[in-house]
Amino acid sequence: MESGPADWGERLSDRIRRALAAGDLAEARRLALEGDGQARSLAKEYALMYRGLGITLRVLLGLLAARAGSATAAGALAALLARFQRDMLALSGGLPAGAGEDAEELLARLEARFSTEQARLADEAVRALDAGDAAAALTALDRKERGQYVPLHDRMVRFMAEAFGWVLDHFGAPELERFHLETAEGQRKGFEAWERLSPAEFARTTAFLLKQHMGTVEVYEDAERFTVVQRPCGSGGRLRLAGAYAGPGALPLVETPGPLTFGQPSLPVYCSHCPIWNGVAPLRWFGHPHWVFEEPSRPDGSCTLHVYKRRDAAGVA
């Protein structure tokens, strides 16, 4: 089990891989069935993140529909949604489209499919371990994480970025800021649950959330704060490194310095939700930000944030 912040950045699947590499199949099996103190089991490892992304996307879909605007904007939005639905169906193993199904209905169907497939592949890994076949267990583990979860996760993150870009392109930076605030409001129960955690519990929860975006997460503790370093950030950072802001179909940058950009001259549009959701919105609700960023959204995809032990110190970088 975990001994402290130095362990918080390691994913359950990677702990199992480490056990397999050491030839400890019994430990790999224990971790797969019992989890690591954060993920409940191998079958459930990514369930919370996938469900959370689905909640966020449903909030976004409602807000997007309310902003259809001109025929040009509405047409661009329809194309964006159609592309997203087509891609998600393809990534879900060629699941057939439902007649007249909208994006929100599809998300519900895909969530059930995701849970079933994750459980099936986890069971396949455990059965391989029971048979003493470490190679087969590793294959099942990779199919579950890198074959199924990561492509779906990345497409959902890309859709979020495209939605933010659509708002920015058609309505401008002030409207994108309002859009982010409304999206945060639509998820406020989750932020309120975070607010009830102790600083250590919140830092641990933060690390769990961020590592499930599939970046590299390291956590450090000193007398004043917990520092979370992502190299790269698994959502916005990996999106940037994949070339999403260059070439045909490039996502836009927010180039109006202000709350959307942490005051920087520009910021990738996906990353613009962080200063609002995790800074401006909780500051309005609770009197302090949840995360204090240091050199956010760096060109190499890395990002650093702090969780302060005294909430009244959270305004200090």
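No lab work stands behind these numbers, since they all come straight from the coordinates. Bear in mind the structure is a predicted one, so any value in this text is a computation, not a measurement. Note that we place each Cβ from the backbone using ideal geometry, even for glycine, and neighbour counts take in every protein chain shown.
Taking amide H atoms as placed 1.01 Å from N in the peptide plane, the amide H of Arg225 lies under 5 Å from those of Lys309, each 5 or more residues away in sequence or on another chain.
For Glu101 and Ala135, FRET efficiency with R0 = 41 Å and r from the beta-carbon atoms, rounded to 0.05? That pair, Ala135 with Glu101, gives E of 0.55.
A simple rule links phi to the HN-Hα coupling: the Karplus curve 6.51 cos²θ - 1.76 cosθ + 1.60 with θ = phi - 60°, which for the stretch 29-39 gives 5, 4, 4, 4, 8, 9, x, 10, x, 10, 6 Hz, with x for Gly and Pro. The GluC sites (Glu not before Pro) of the stretch 3-108 that DSSP puts in a loop, and whose beta carbon has at most 15 other beta carbons within 10 Å, are Glu101. Each residue of the stretch 226-241 was assigned a 3J(HN,Hα) from its phi angle through the Karplus expression (A = 6.51, B = -1.76, C = 1.60, θ = phi - 60°), giving 9, 10, 10, 10, 10, 9, x, 4, x, 10, x, x, 5, 4, 5, 5 Hz with x at Gly and Pro. Taking the chain as a Gaussian network of alpha-carbon nodes connected by springs under 10 Å, the highest mean-square fluctuation of the residues Ser13, Ser198, Ser70 belongs to Ser70.
Near Phe293, the amide H atoms lying under 5 Å from its own belong to His306; only residues 5 or more places off or on other chains count, and H is placed 1.01 Å from N. Positive end of the dipole of the chain (Cβ unit charges, origin at the Cα centre): among Leu107, Gln38, Tyr220, the Cα lying farthest that way belongs to Leu107. Under 5 Å from the amide H of Gln264 lie the amide H atoms of Gly258, each residue being 5 or more positions distant or on a separate chain, with H modelled from the backbone and absent for Pro and chain starts. Dipole of the stretch 172-313 computed with +1 at Lys/Arg Cβ and -1 at Asp/Glu Cβ about the Cα centre; of Gly190, Phe179, Pro282, farthest Cα towards the positive end is Gly190. With both labels modelled 7 Å from their Cα along Cα-to-Cβ, the Glu185 to Glu294 distance reads 3.4 nm.
Report summary: the helix-based calculation at 222 nm, which adds -39500 (n - 2.57) for every DSSP H run with n ≥ 4 and divides by the residues of the chain, gives -17000 deg cm²/dmol. Applying a DSSP loop filter and a limit of 12 other Cβ atoms within 10 Å to the trypsin sites (Lys or Arg not before Pro) in the stretch 231-317 leaves Arg310. Phi angles across the stretch 285-291 convert, under the Karplus curve 6.51 cos²θ - 1.76 cosθ + 1.60 with θ = phi - 60°, into 3J(HN,Hα) values of 6, 10, x, 7, x, 7, 10 Hz, Gly and Pro given as x. Applying 1/(1 + (r/R0)^6) with R0 = 22 Å to the Cβ-Cβ distance of Glu255 and Ser70 gives a FRET efficiency near 0.50. Charging the Cβ of each Asp and Glu at -1 and of each Lys and Arg at +1, and nothing else, the dipole of the chain about its Cα centre rounds to 260 debye.
Size check on the chain: the Cα extents along the three principal axes, sorted descending, read 60, 56, 35 Å.
From the alpha carbon centroid of the stretch 184-206 to that of the stretch 15-38 is 29 Å.
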